[in-house]
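A.B. asks: Let me begin by handing over the structure; questions about it come next.
The values are calculated or read from the model by the stated rules, or taken from the named source; none is laboratory data. Just so it is clear, the structure is predicted and the values come from calculations on it, not from any experiment. Backbone-built Cβ (ideal geometry, glycine too); neighbour counts: all protein chains shown.
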Amino acid sequence: MFDISLATVEAVLPFIVVGFAAQMIDGALGMAFGVINNTLLVSFLGLSPAVASASVHAVETFTTAASGTSHILHKNVNWKLFRRLVIPGVIGGVLGAYVLSNLDASVAKPFVMAYLASIGLYLLYRAWRGRVEPREPKIIEPLGLVGGFLDAAGGGGWGPVVTSNLLVQGASPRSTIGTVNTSEFFLTATISATFIATMGFAAFTLQTVGLLIGGLIAAPFGGLLAKRVPARLLMGLVGVLLTVTSAYTIWSAVMK
């Protein structure tokens, strides 16, 4: 556990800013809170992947509750899709947290990121082409299982994997982002409980507090942004974010 005596404004403020920015992006586009914060904690602060993932998921338990409430209030949630995502996502999350707590799952990460980068480029193409016709997605439960596993094992991935693949299948950007954000609460709560059971409370650091404060401040605005931004622009922004973050992760892995 962190020492409260060290919790100075100067030490916590950078993490509040990062948590705020990451949650604004995540709430509006359905992804990136875990990716941004795990990149910061692992690449720049030297935390182990397991500790970083546990820290971020502890924060996300609270931010996803606030963000999900915002999306529900703005009527951005497809409840049929929600029911089909939650249970497979939770199962995958438990398996992924167990694997990361006991094994090194970083070997597969560059390959997953290469796949997500290609999805991002495809979404950019669809947005540029100007056709965003909503269709009913077909592959949902396997997507939830894989997304939950990668989110826990890779320190972030529920949004990039699930949101992007549902959009590729033709799901409405607004309802997809709202549904994925809302269902993520149950995933992160389960993953956090699994990490606590396997690692204890060692992952809860000063950085966790800063990310939590910033994330909670930003969380209520995500549902409003997803509701107001046009579908074509939303898809384009998701494509840009997915491509850039995936490319950075691949580059970091290659340069090690």
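A.B. asks: Suppose the filter is at pLDDT 80 or above, touching a His at 6+ places or on another chain (Cβ under 8 Å) and more than 14 Å from Asn76 (Cα to Cα); does Thr188 pass it?
C.D. replies: yes
A.B. asks: Any idea which of (1) at pLDDT 80 or above; (2) among the hydrophobic types (A, V, I, L, M, F, W, C); (3) surrounded by fewer than 18 Cβ atoms within 10 Å (Cβ to Cβ) is the one Leu145 doesn't satisfy?
C.D. replies: For Leu145, the exception is condition (3).
Results for (1) in a helix (DSSP H, G or I); (2) of a type outside the set (Asp, Glu); (3) free of Cβ contacts under 8 Å to residues at least 40 places away in the same chain, shown as yes or no for each residue.
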| position | (1), (2), (3) |
| --- | --- |
| Val51 | yes, yes, no |
| Ser55 | yes, yes, no |
| Glu60 | yes, no, no |
| Thr63 | yes, yes, no |
| Ser70 | yes, yes, no |
| Val77 | no, yes, no |
| Lys80 | yes, yes, yes |
| Leu85 | yes, yes, no |
| Pro88 | yes, yes, no |
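A.B. asks: Scan the stretch 228-248 residue by residue and report those that are modelled with pLDDT under 75 and polar (S, T, N, Q).
C.D. replies: Within the stretch 228-248, Thr245, Ser246 meet the criteria.
A.B. asks: Regarding the stretch 195-216, can at least one residue be identified that is crowded, with 20+ Cβ neighbours inside 10 Å, touching a Gly at 6+ places or on another chain (Cβ under 7 Å), closer than 21 Å to Val86 by Cα and at pLDDT 75 or above?
C.D. replies: Among the residues of the stretch 195-216, not one is crowded, with 20+ Cβ neighbours inside 10 Å, touching a Gly at 6+ places or on another chain (Cβ under 7 Å), closer than 21 Å to Val86 by Cα and at pLDDT 75 or above, which makes the answer no.
A.B. asks: For the stretch 12-61, enumerate the residues that are charged (D, E, K, R) and modelled with pLDDT of 80 or more.
C.D. replies: Glu60
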